[in-house]
Structures are given as structure tokens and as C-alpha cells.
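We did not get these values from a lab; they are worked out from the coordinates using the rules stated. Predicted model, so just to flag it, every value in this text is computed and none were measured. Note that each Cβ is placed from the backbone with ideal geometry, even for glycine, and that neighbours are counted across all protein chains shown.
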């Protein structure tokens, strides 16, 4: 009997639907992100209670949360991509870095949202809108990614039915389409974010 590859099993192409696990059950990175978000929210709530108002973006808490959030967002788009390019790297597996990519990609934007103090005017508002769109797109991509086998060896392919191979092809095509949309959105987001950061530094320092 042909041995089913782990990648094929991950895609749930031949496994019964009843045996599929829930997203949170098989994706601990979402729990890690949730724990981090709760901790950041607690810190932000403490600052709110102390000031009896939402911390301004220019305040110590606002700046701190914004800077850390932006660094996490930068790490999201750089570290995982660098790890994929270095197949011989020993600093963690690609799977571990994908989980880190998801955690930072959720926590970073949330911190930037808190940094905005719920004010979405001008370029900052555009950057925040792009952030929300990119996060949603990332979650969609994460779902598609888990449904597409990374590789299919000859033995596994021989044991797959024609309808399974067609399903694989459709999911690969969906993943490729997602990449063509997600990558430009991400670059647009960081272009807007960098302009916002430079403008904020300019008006906060040179214009004093």
C-alpha cells in the first residue's frame, strides 16, 4: 500500500473530513499571538486608566507600542523570506519561522493599531487600512498554504486519485494567485508606513 506523505496528509486531500482538526488546534501560533495581544492590551489598558484617556500616538506609550509594532511588522516580511532563501541555514526550520511569521504578523499590526489611538486621518489612516487588508490577506494565504502539499513524491502521487491531483492543482493555482495580490499590497503598506514614519520624525524634530 503506498505510503501517504506528511505533506499530502497536511493538505487533507484524501483524509475523511471528520478527521480534520480545527484551525486553532493545529496552529499554536494563533494561541501565541493571542497571549501576546492580551498582554499588550493589559499594558495599554493600564496606561489608559492612568491617563483617563487613550495614550496619544506621540506619547511615550504610544511611541513605544508603535515602534515595537513596526519592528515586528518589518521582521514579519524579512526574516521568514530570508530563511526560505537559505535552504542550508541552521537557525531554525522553515516551519518554525512560518509560525513566527504568523505571530509577528498578527501582534505587530495590533500594536500599530493601538499606536494610532483610533485616529485614522491622512496617510496614517491609509497605512492602517492597508495593514488591515494585508493581515486579512495573510490569514487567507495561511489557510490556502496549509491546504497545498509542499511536495508530492512518486509513491504518494501514484496513490492519489485523479480528483485529488486536480484538487492539488487548483489549490496551487489559488496560492499563486494569492501571492500576486498579497506581495504588492505588502509593499504598498510599507511604502505608506515609511513615509508616515519619516514625516512624523520630520515634524517632531526639524519643525520644533
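Note on residue 200 and residue 133: their simple-model spin labels are 2.1 nm apart, each label 7 Å out from Cα toward Cβ. Its alpha carbons give the range 24-119 an Rg and a Dmax of 15.5, 52 Å.
Summarising the label geometry, the points placed 7 Å from Cα in the beta-carbon direction at residue 32 and residue 187 lie 2.9 nm from one another. Applying 1/(1 + (r/R0)^6) with r as the Cβ-Cβ distance of residue 68 and residue 172 and R0 = 30 angstrom yields a FRET efficiency of 0.25.
What order, most packed first, do the peptides 93-105, 37-49 have when packing is the mean number of other Cβ atoms within 10 Å of each residue?
Packing proxy ranking, top to bottom: 93-105, 37-49.
Taking the Cα-to-Cβ direction at residue 140 and at residue 52 and moving 7 Å from each Cα, how far apart do the two end points lie in nm? In this crude spin-label approximation the distance works out to 4.5 nm. Note on residue 180/residue 123: beta-carbon distance plugged into 1/(1 + (r/R0)^6) with R0 of 25 Å gives a FRET efficiency of 0.45.
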